[in-house]
Amino acid sequence: MKGLTNIMRQRDFISLHDFTTEEIKVLLDVAGELKRMRKLGIAHPYLQGKTLAMIFQKSSTRTRVAFEVGMYQLGGYALFLNPQDTQLGRGEAVKDTAMVLSRMADGIMIRTFVHEEVLELARWADIPVINGLTDLLHPTQVLGDMLTIKERKGKLQGLKLAFLGDGNNVAHSLLFGGAKVGMDVVISSPEGFEPDKNILASAKEDALKTKSVLTIEKDPQKAVAGADVVYTDVWASMGQENVADDKEKHFADYQLNSKLLNLAKPDAIVLHCLPAKRGKEITDEVMDGPQSAVIDEAENRLHAHKAIMALLM
Ligand code: CP
Ligand code: NVA
């Protein structure tokens, strides 16, 4: 892999919905190639001299480490900005932060609560802005997930992914991702916790092109039946700590346990974006079982994030 294509250069990475099927394929191919080079010890300094500013308004292990280590492996530098130490945390405008960081860094990664804050940052920044999770979407996660599924199953198109639990940021990005690559996605949530209707509607528009089928199925057993991939996530996301106990009552039937997993295809793989609440949305038996791909999935964040940075920055 010598020169990288410039087709996505200087673009933002805010939602998978913004990328074409072909562009997502390029991102996945480059991620796979960067992974191969890393494993073989082949240097790949595509971002020498470049800097990524990382704004984290919420906690992170995987996303932070993947971007920071990834930037180092690409020959660049990443700096961690937390709200306690930056002026953003004291109320400096997102617009001003965007304009200033644009003069000093080559890219911005942001993890925050309100999705519109990322859009505002991207509006005023003249360097690429990468969405490292908002309350609405988690696109870098799902790019890594698609790399994992492709590695394990050899393809994405025509597979069935069942997501159990809260219709949250990860569920939304899975709908967008599935629609773009032609993978069927069924989301199974208790009543009142379904994915956002607008997200589902725009993902369905994308799905028309790839013929992927996106469905909401309240019954978790029906949702999991015949699935190639069974995915779950915490029932209460970051920022929902105060309603977690109350929310939990609605989700008991949606726990990913052996009984439910047995309804999927015998060779189905299990994914979880992590961090998990073991014993709640997923049992130890499933998380540590032979069908679990969750640690590969976490590793693939590194390779996927490197592809995003190398192609966009
Ligand atoms: N899955 C994920 O984004 O993990 P972190 O919150 O640890 O970054
Ligand atoms: N839905 C979870 C994902 C964490 C990576 C959250 O937003 O907390």
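Read the figures in this text as sums done on the coordinates, not as results from a lab. Computed from a prediction, not measured in an experiment: that's the story for all the values here. Counting neighbours? That spans all protein chains shown, and the Cβs are built from the backbone with ideal geometry, glycine included.
Spin-label model, D219 to E116: label points 7 Å out along the Cα-to-beta-carbon direction sit 4.0 nm apart. Per q in 0.16 Å⁻¹, report the Debye log10 I(q)/I(0) for the stretch 1-135, using one uniform scatterer on each alpha carbon and no solvent. These q points yield log10 I(q)/I(0) values of -0.87. Considering the stretch 160-217, its Cα convex hull presents a mean projected area of 3.2 nm².
Largest mean-square fluctuation among V234, V94, V186, in a Gaussian network model of the chain whose springs join Cα atoms under 10 Å apart, belongs to V94. Helical content of the chain, expressed as a calculated mean residue ellipticity at 222 nm, amounts to -13000 deg cm²/dmol (DSSP H runs of 4 or more residues, -39,500 (n - 2.57) each, divided by residue number, nearest 500). For the stretch 47-206, the normalised intensity computed at q = 0.08, 0.13, 0.15, 0.20 Å⁻¹ comes to -0.27, -0.70, -0.89, -1.25 (log10 of I(q)/I(0), Debye sum over alpha carbons, equal scatterers, no solvent).
Distances over 30 Å make up what percent of all Cα-Cα pairs in the chain? For the chain, the fraction of Cα-Cα distances above 30 Å is 30 percent. Put simply, the amide H of L256, placed in the peptide plane, has neighbours under 5 Å in I282, T283, leaving out anything fewer than 5 places away on its chain. Normalised by residue number, the volume inside the convex hull of the Cα atoms of the stretch 78-130 is 77 Å³ per residue. Listed peptides 27-35, 275-283 appear in the order 27-35, 275-283 once ranked by packing, highest mean of other Cβ atoms within 10 Å at the front. Given a cut-off of 31 Å, name the pairs among K155/K197; K2/K155; K35/K222 whose C-alpha atoms lie farther apart than that in the structure shown. Too far apart for the 31 Å limit: K35/K222.
For K95, the lysines whose Cα comes closer than 21 Å to its Cα, not counting residues fewer than 8 places off in the same chain, are K58. Over all orientations, the stretch 165-313 has a Cα convex hull whose mean projected area works out to 9.5 square nanometres.
Could you tally up the Lys pairs in the stretch 249-313 with alpha carbons closer than 30 Å? Skip any pair fewer than 8 positions apart unless they're on separate chains. Going through the stretch 249-313 pair by pair, I get 9. Classify the stretch 185-236 as rounded, prolate or oblate, taking a ≥ b ≥ c as the square roots of the eigenvalues of its Cα gyration tensor: rounded when a/c is under 1.5, otherwise prolate if a/b is larger than b/c and oblate if not. Cα axes put the stretch 185-236 in the oblate bin.
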